[in-house]
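Below is one structure, written out as structure tokens; comments come after it.
The values are calculated or read from the model by the stated rules, or taken from the named source; none is laboratory data. All figures in this text were calculated on a predicted structure; none of them were measured in a lab. All Cβ positions, even for glycine, are placed from backbone atoms using ideal geometry, and neighbour counts span all protein chains on display.
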Amino acid sequence: MTTKVTVPGIKNLQTTAEISNSIRGYYGNLKLAKEKKIPVIWSFGLIPREIYHAVDAPVLFLEHLPLMMGAKQLSGKYMEIAEEDGFSRDVCAFHRCFAGCAIAEEKDPYLDSFFVTPDLIIASNLPCISESKSFLYSADLYNCPYYFVDGPINTWGKNIPDHAIKYYSSQLQGALDFMEEHGFKVDMDRLKESVKLSLKMIGLWNEIDDLRKTVPTPMSAVDGLTAAYPLIQLAGTQTGVTLYERLRDELKEKVKNKEGVIENEQLRLLWVGVPPFFNMGLINYVEKYGAVVAKSMIEYLAGGAYDPSLVDPEKPLEGLAYKSLVDIINPTAENMLEFIAKSVKEFQIDGIIGAVKRSCGLLPGYFRMIKDSVFEYANVPTTIFDLDGLDIREYDDATTKGNLDSFVESLLASKRR
Amino acid sequence: MKTLNKIMDIYDNPMQIIDKFKAADKKIVGYRCLYVPEEIIHAAGMVPYPTFGVTQPIMTADSYFQPCVCEFVRNLFDLAKENKFDFLDELVLCNTCDAIRHLYSIWNRYIESVPCYIINNPQKMHDEAGYLFYRQELENFKIEMEKLSGNKITDNALQQSIELYDETRRLLKQLNELRKRDIPPITGAESLKIAIASMLMPKKEANELLRQLIDEVHDREIEDDNCPRILITGSIIDDPTIIELVQDMGGNVVVDDLCSSTKYYWYQTKKNSDPMDAIVRFHLERDVCACMHPSENRYDYLTELASEFDVDGIIYFNIKYCHPFVYEATIYRKKLEQTVPTLILETDHSLSGLGQLKTRVQAFIEML
């Protein structure tokens, strides 16, 4: 039986509240741009945000809007609208929700406060087929120009070969040309500057991560999911740099004072898969056992796990191509598995929570490999269960909590032995 | 129908082909999907072998993939776990969908008997930068095949392989042209089996049989009750049951748009003095898979196919979680319905919900 026992997540940091304000500001600017008749772009995937900041384009990103709708428990309603229009319930909940928001003739005031129609669409197939296909529907719906950025999958691991860099750079150049064709001015100096800022941000993010590795951890995945927003959406902006400097300083202070998310931290967990945006309190649920979700894999989607020394701001497109193609979320699995195993060790993780979003074409295929590789590498167990982080209609509170209870209890028992 | 029966026998018992290859000490390279160039494998002196599934419930694959991953791919993995692909010397995949990408990673981790390679084809057609990228990927693949076979792949050998495979495609298409008639001389199910058997067979043998078959069925008459003419498209169909079901319900499947059939043979390689370039362009200039862009080409292709074969209705057969075609059907349905009634079916590869499908197909055919 589906219940609706949902609670918001508890955030502990001042800076994440500031990041939330910045999100509101971002969408306010989008609305403003639309009013000023500046073309608005819809985009998504691993397309590096830096190219949009370089042309000062107002962009609505597909990943983020459904997440906000989920947090307000509105995502199910808009998914239903998409389903009534022919979308299969088996395709990605994010894309269904976004499509429903686009299709809905009458929108909730909350959605209306930040939703803007597209003048251009820039799509990609990184990292999955949903990214590659779903915007075609919107392009038809709004009859607007569409550009497709083709990203090769990563079959090379950490060493992306020249021909792949060259190809993806050409795709990014194509996106810039497309934007220029539709009224934006491409400024390569600004792009270089944006890449420099992006590198600064990743340096700060790595410092933040190092602080989070401290026991007790000063920041949980609830704050982490908000904190990842600049990494993804504000990459290459001064705002992003400033927010991360503040976050780093706040965490430094907490570490200095040995102030953890919870008192008497006994277990540290890693969340893999989409977290329950409609019920972020579930991430805090395990805290009653002295367990903290110290990290969430989703924080690294779209650009958190690359070697910044390999990005040359003087060759911005090549650098961004490397950053995108090496991303852990870009299939195939090699980088993802290595990265998670390494994180488990560095964050001193005791167990992994694997939440399977049934409608996702990408992540479910990773779970067994993650489970086995982390167990082999670090002897750390994983629990895997169904949980669509966006579709509250499929949420079963009792079963989900039962899964968490038994996993955490068994971890505690084995720790006591 | 001596030749037709012979081809049906090959479809029903494909192991006879494999046994012959093994007896001749030939290396066999399995592949899936259509962006793997068979000609490169063949030019290395090996046998390209398209891997198909078996209509059966999933056994162990669910614990590796999760049940929400395409059932066709899980079925292939099940077969591998049951050692049914142990006759392969290597499996080659390509970049078509999320499930195939997972199959590559999961196969290499959990199937020890057969190594797996993936070709990183672009998903954008008609793009010069994409041609260069794919060319490099195919050069790497060529080296891989040379290593596996121990043979150097010469341009001459590659050119000959292209000609041989083009001839198979040409003959299959010629046979398919006969289905444009008011009363096609071969059924939809037969056509699928002929295409699959031809894909499995050595091409010289396939070409010989196809030539005989074209003569053999030329004047064949099949009973026809003026059935509605149907185009079937969507995910892979490797079992004719679904086509037979349409026939049983009174539809006549006169053409399909399936990777186990027409998509394999619809296009010919364009003449080119550089055989690798010819292969690159062959793959990136044909509108066969829903994973590719631009997508409008697929819509144009489908509507032209429907018009050429004078189709009364289109049926999308989508395997659950086959995201490329599930999206495509959603996007095209309204547009297609403006000219041709279109039915979208979503079911398992194992066809577990056949009864329900039957009802929906029957209602659709009656409506036509």
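Taking into account only those residues within region A:166-217 that are under 24 Å from the mean Cα position of the chain (by Cα) and part of a loop (DSSP other than H, G, I, E, B), which is nearest to the other protein chains (Cβ to nearest Cβ)?
Here the residue is A:Lys213.
Return the only residue of B:Ile186, B:Ile162 being over 20 Å from B:Glu39 (Cα atoms) and hydrophobic (A, V, I, L, M, F, W, C).
Answer to the check: B:Ile186.
Residues that are surrounded by fewer than 21 Cβ atoms within 10 Å (Cβ to Cβ), touching a Ser or Thr at 6+ places or on another chain (Cβ under 7 Å) and over 17 Å from B:Val255 (Cα atoms): does region B:199-208 have at least one?
Yes, region B:199-208 contains at least one residue that is surrounded by fewer than 21 Cβ atoms within 10 Å (Cβ to Cβ), touching a Ser or Thr at 6+ places or on another chain (Cβ under 7 Å) and over 17 Å from B:Val255 (Cα atoms).
B:Ile344: out of contact with any Phe, Trp or Tyr (no Cβ under 8 Å at 6 or more places or on another chain) and at pLDDT 95 or above, yes or no? Lay out the reasoning, then the answer.
On the way: out of contact with any Phe, Trp or Tyr (no Cβ under 8 Å at 6 or more places or on another chain): no; at pLDDT 95 or above: yes.
Considered against the rule, which asks whether it is out of contact with any Phe, Trp or Tyr (no Cβ under 8 Å at 6 or more places or on another chain) and at pLDDT 95 or above, B:Ile344 comes out as no.
Going through region B:67-83 one residue at a time, which ones are over 17 Å from A:Val91 (Cα atoms) and assigned to a loop (DSSP other than H, G, I, E, B)?
B:Glu82, B:Asn83 - these are the residues of region B:67-83 that are over 17 Å from A:Val91 (Cα atoms) and assigned to a loop (DSSP other than H, G, I, E, B).
Please give the number of the condition B:Ser350 fails out of (1) surrounded by fewer than 19 Cβ atoms within 10 Å (Cβ to Cβ); (2) in contact with a Ser or Thr (Cβ under 6 Å, 6 or more places away or on another chain).
Here B:Ser350 meets the rest and fails (1).
How about region A:328-357: which of its residues are charged (D, E, K, R) and more than 14 Å from every other protein chain (Cβ to nearest Cβ)? Step through it out loud before you land on a result.
Of all residues in region A:328-357, those charged (D, E, K, R) come to A:334, A:338, A:342, A:345-346, A:350, A:357.
Listed by number, the residues that qualify are A:Lys342, A:Lys345, A:Glu346, A:Asp350.
Could you list, in sequence order, all residues of region A:220-244 that are over 17 Å from the mean Cα position of the chain (by Cα) and either farther than 17 Å from A:Ser194 by Cα or hydroxyl-bearing (Ser, Thr, Tyr) (or both)?
A:Thr237, A:Thr239, A:Thr242 - these are the residues of region A:220-244 that are over 17 Å from the mean Cα position of the chain (by Cα) and either farther than 17 Å from A:Ser194 by Cα or hydroxyl-bearing (Ser, Thr, Tyr) (or both).
All but one of (1) closer than 16 Å to B:Pro228 by Cα; (2) within 14 Å of another protein chain (Cβ to nearest Cβ) hold for B:Glu308; which doesn't?
For B:Glu308, the exception is condition (2).
Quick check: is even one residue across region B:317-335 β-branched (Val, Ile, Thr), assigned to a loop (DSSP other than H, G, I, E, B) and either within 14 Å of chain A (Cβ to nearest Cβ) or in contact with a helix residue (DSSP H, G or I) (Cβ under 9 Å, 6 or more places away or on another chain) (or both)? Show your work before the answer.
Let us first name the residues in region B:317-335 that are β-branched (Val, Ile, Thr), namely B:319, B:326, B:330-331.
When the remaining residues are screened for being assigned to a loop (DSSP other than H, G, I, E, B), the result is none.
The answer is no; no qualifying residue exists.
Which residue out of B:Leu343, B:Leu351, B:Leu302 is within 14 Å of another protein chain (Cβ to nearest Cβ) and either touching a residue at least 40 places away in the same chain (Cβ under 8 Å) or part of a strand (DSSP E or B) (or both)? Working first, answer last.
Details: B:Leu351 fails: within 14 Å of another protein chain (Cβ to nearest Cβ); B:Leu302 fails: within 14 Å of another protein chain (Cβ to nearest Cβ).
Criteria check complete, one pass: B:Leu343.
Given the conditions (1) closer than 24 Å to B:Glu137 by Cα; (2) surrounded by fewer than 19 Cβ atoms within 10 Å (Cβ to Cβ); (3) acidic (Asp, Glu), which single one is not true for A:Asp150?
Answer for A:Asp150: the failing condition is (2).
Given A:Ile23, A:Ile19, which one is surrounded by fewer than 19 Cβ atoms within 10 Å (Cβ to Cβ), touching a Phe, Trp or Tyr at 6+ places or on another chain (Cβ under 7 Å), among the aliphatic types (A, V, I, L, M) and in contact (Cβ under 8 Å) with a residue 60 or more places away in the chain?
Numbers: A:Ile19 fails: surrounded by fewer than 19 Cβ atoms within 10 Å (Cβ to Cβ).
Residue meeting the stated conditions: A:Ile23.
Evaluate region A:359-366: report whether one residue or more is within 13 Å of chain B (Cβ to nearest Cβ), modelled with pLDDT under 95, surrounded by fewer than 20 Cβ atoms within 10 Å (Cβ to Cβ) and assigned to a loop (DSSP other than H, G, I, E, B).
no
How do the helices (runs of 4 or more DSSP H) wholly within region A:41-130 filter down when requiring 1 or more residues that are within 14 Å of chain B (Cβ to nearest Cβ) and under 28 Å from A:Asn154 (Cα atoms): which remain?
On the way: elements: A:50-54, A:64-71, A:75-84, A:93-103, A:109-112.
Those helices (runs of 4 or more DSSP H) span A:93-103.
Among A:Glu18, A:Glu35, which is the only one that is more than 14 Å from chain B (Cβ to nearest Cβ), within 19 Å of A:Leu243 (Cβ to Cβ) and among the charged types (D, E, K, R)?
On the way: A:Glu35 fails: within 19 Å of A:Leu243 (Cβ to Cβ).
Testing whether each residue is more than 14 Å from chain B (Cβ to nearest Cβ), within 19 Å of A:Leu243 (Cβ to Cβ) and among the charged types (D, E, K, R) leaves just A:Glu18.
Please go through region A:134-165 and give me each residue that is touching a residue at least 24 places away in the same chain (Cβ under 8 Å), outside any loop (DSSP other than H, G, I, E, B) and at the interface with another protein chain (Cβ under 8 Å from one of its Cβ atoms), ordered by number.
A:Ser134, A:Tyr137, A:Phe148, A:Ala164
For region A:142-174, how many residues meet the condition of being out of contact with any helix residue (DSSP H, G or I) (no Cβ under 6 Å at 6 or more places or on another chain) and within 17 Å of A:Pro39 (Cα to Cα)?
So the count comes out to 4.
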